[in-house]
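What follows is a set of notes on a single structure, which appears directly below.
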Amino acid sequence: MGAEGAGLRVDVRLPRGPAELHLRLSTAARRVGVFGPSGAGKTSLLRILAGLPPRGVGVVEVEGQAWQGPDLHLPPWKRGVGWVPQEATLFPHATVEQNLRWSGATEDAARALAPRLGLEGLLARRPRHLSGGERQRVALGRALLAQPRLLLLDEPFSALDPERRDQVVRVLDDWLDAAGARLVLVSHERADLERLCQEQWVVREGGGLSRVG
């Protein structure tokens, strides 16, 4: 799909040692899945969309608004992005409920979402007392409660068992329908991409992106 009229457009070059990583994606799909080998540039694509370094040189446009370009870099806090990295980052001295509410959500909103993610019995705990899967669910909940216009997820289900994974995927699917937000999901699990995404793109060595199917 060409860039004209696209809802999401990335055309950015990043230095990578003696070579260069060129990430190029243009699509109108609201739910985009990305997969490919480790180190190919999947996380770099998410960081570029989030406005995080290294941002490289090139163009980022979302729904017709330029986020990056010549002499332009819209800071992360002005993008309306929800970002959940592969290693969930929580505030260590805050409880689960406080981490959820860091999004700006009310107590009622945080407590309403918690049971849907299986967190209702963990609200008073601190991150050091959580498993990897529990931390992932808290980080995802915090991102959803922030009501982003673009949700960026990097292997968000990797630490979940199959039953919990299915539960969280259903919650995310429902939230995306209700919120009307865009999604870029990086996952090695093609089944997750097929369930949640309208399009799938593969990142090849060197950063080239191709639509699959």
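Any read-out appearing in this document is the output of simple, stated calculations on the displayed coordinates, not a laboratory observation. It should be emphasised that the depicted structure is a prediction, and the values quoted were computed from it without experimental measurement. All Cβ positions, glycine included, derive from the backbone under ideal geometry; neighbour counts span all protein chains shown.
Quick notes
- Taking the centroid of alpha carbons for each part, the stretch 138-180 and the stretch 1-70 are 21 Å apart.
- Whole-number D in µm² s⁻¹ for the stretch 138-213, Kirkwood Cα-pair radius fed into Stokes-Einstein, 10 °C, 1.306 mPa s: 119 µm²/s
- Figure legend: label point modelled 7 angstrom from the Cα of residue 91 along Cα→Cβ; residues of the stretch 122-154 with amide N under 16 Å from it are 123-128, 138-146.
- Within-11-Å neighbourhood charge of residue 166 [Cβ basis; K, R +1; D, E -1]: 0
- Average projected area [Cα convex hull, the stretch 102-155], square nanometres: 4.0 nm²
- Extent of the stretch 61-117 along its three principal axes (Cα atoms, max minus min coordinate, largest first): 43, 22, 18 Å.
- Each pair of Cα atoms in the stretch 8-212 enters the Kirkwood radius, and Stokes-Einstein at 37 °C and 0.692 mPa s then converts it into a translational diffusion coefficient of 188 µm²/s.
- Computed lengthening from residue 191 to residue 167, 0.36 nm per intervening residue step minus Cα-Cα distance: 7.2 nm
- Seen against the Cα atoms of the chain and their longest principal axis, helix 132-145 is set at about 80 degrees.
- Each distinct pair of alpha carbons in the stretch 92-198 adds a 1/r term; the inverse of their mean, the Kirkwood radius, is 14.0 Å.
- The value of relative contact order for the stretch 45-115, using C-alpha pairs under 8 Å at least six residues apart, is 18 percent.
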